[in-house]
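Structure first, then comments.
The values are calculated or read from the model by the stated rules, or taken from the named source; none is laboratory data. Here the structure is a predicted model, which means the values were calculated and not measured. Counting neighbours? That spans all protein chains shown, and the Cβs are built from the backbone with ideal geometry, glycine included. Ligands, DNA and RNA are excluded from the accessible area calculation, which covers all protein heavy atoms including side chains. Shrake-Rupley method; radii C 1.70, N 1.55, O 1.52, S 1.80 Å.
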Amino acid sequence: MPQNNPKKTAPPTVPPEVENALAPIIIKHVEASLAARQPAPMEPGKAPAVLKYKGMFDTERPAHAALGLRMKMAFLDFEDRTAREKSKTRNAPLREFIDKMKSAGVFESVFGQGGSLWAVETRSEEVIDVLRPASILLSAGCRVESGYGSKLIIGVLNEGVSVAWEGEDEEASESDLDTGDLVLGAHKAMATIRIANDLMRKGTLRSAEQIALDVGRAMGVAFDQVGLYGKGPKKPTGILNTDGITKKPISGTSNDQKVADFKGMVADVMGANIPLQGANPFYFMTSGTMMHLSSLRDAAGSGNGGWVFPGLQDLTNPTINGFPVKHTESLVGKKVVGFGLAQELYFGNAAPLEIELGENGSDFKRDRKTVRGVQEGDWQVRRAKAFSVRTGVEY
């Protein structure tokens, strides 16, 4: 006869009060056991990269460091492909430094780009951080549009937001200020710099920053020049050549007349009903003009220590009437001072900065490389009355 399988009885359940009493004791013993465990010994040379190279890659200019590293990698690539390196040990310090950077996982976007002989090393990040220190217009806080290719339509020239009260069942009113589209184009700027191979071979972030700083300074000044007074078919139209901005001759050269002119420029912009708040207002002039104004004293010796423009006594953060002062040698000889709203100025970064490296002319004999940077961009003033200048400035 078949035997009946006996039914398995379920284990008795733990009473809730017992489970609650045991839980803290179990947790305590588990935590003590985990804390007592010793970490597995790490193989020599396998220390965490972040700790192993701690402090080696510290930089206050990450954008410059990244650009400089691209140039150094292009240098190594050129040396390899052209057999310029007589001994592989000559570039060994730079190769070791780059290997450490890869191991530590810093600047990963740089190493993902690759390199080639006279090939384009494209910076995927915006180049604005590299150009800004040398550009008064970028540092003033203008609007930036990037990566649009050959053309970008922003909106309508000389037109802001239109607000009107409408009657019931009436169509929304349209502005009468349409004077054409505001279009950012792609004008090409090219900078070349010759760099000694010894500097390119240095395996430090400081040297990478320095190389990129030189390129950024040259291109920043070049973009400032066209942003201020550019004119012509191959150049952006600068502020001073933009139709509709307010231009007036200076009132005179007395202290009172200078004060009146600098207040008058602000009044011009305010009179155009363009709000200053949040629009990054700033004055612009040459450094010589700024230093002259900073030395003016009030004959009456009144409340501000006798200074006509007390805000210019802080040359680190100079101000006039509470607004920042931007000074540049790009305006030397133009005999102008100006006031404007940076938020009414567009900078178009049409495409990423391209870096090319090779040997040109006497470079081989002089043990150096020629670096060429190409940047395509444009400047456009959104509302012309947001800028006011005084002409005929002799001080």
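Below is a table of values for the structure above.
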read-out: Only one of Lys231, Lys188, Lys247 that is basic (Lys, Arg), within 21 Å of Gly373 (Cα to Cα) and outside any helix (DSSP H, G or I); value: Lys188
read-out: Check on Phe78, modelled with pLDDT of 85 or more and either in a helix (DSSP H, G or I) or open to solvent by less than 40 Å² (accessible area, probe 1.4 Å) (or both); value: yes
read-out: Checking Ile195 against (1) in contact with a strand residue (DSSP E or B) (Cβ under 6 Å, 6 or more places away or on another chain); (2) in a loop (DSSP other than H, G, I, E, B); (3) β-branched (Val, Ile, Thr), the condition it does not meet; value: (2)
read-out: In segment 101-149, residue modelled with the lowest pLDDT [restricted to those that are under 21 Å from Arg81 (Cα atoms) and in contact with a Ser or Thr (Cβ under 8 Å, 6 or more places away or on another chain)]; value: Leu117
read-out: Any chance Lys369 is open to solvent by 10 Å² or more (accessible area, probe 1.4 Å) and of a type in the set (Lys, Arg); value: no
read-out: Within segment 252-267, considering residues that are open to solvent by less than 70 Å² (accessible area, probe 1.4 Å) and part of a loop (DSSP other than H, G, I, E, B), the one farthest from Leu345 (Cα to Cα); value: Ser254
read-out: Test: residue in segment 268-286 that is out of contact with any strand residue (DSSP E or B) (no Cβ under 7 Å at 6 or more places or on another chain), open to solvent by less than 60 Å² (accessible area, probe 1.4 Å) and not hydrophobic (A, V, I, L, M, F, W, C); value: no
read-out: Selection from segment 226-243 of residues that are in contact (Cβ under 8 Å) with a residue 24 or more places away in the chain and either surrounded by fewer than 15 Cβ atoms within 10 Å (Cβ to Cβ) or of a type in the set (Asp, Glu) (or both); value: Lys234, Asp243
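Table: residues versus (1) at positive phi; (2) open to solvent by 30 Å² or more (accessible area, probe 1.4 Å).
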| residue | (1), (2) |
| --- | --- |
| Gln343 | no, yes |
| Leu353 | no, no |
| Gly361 | yes, yes |
| Lys365 | no, yes |
| Val374 | no, no |
| Gly377 | no, no |
| Phe387 | no, no |
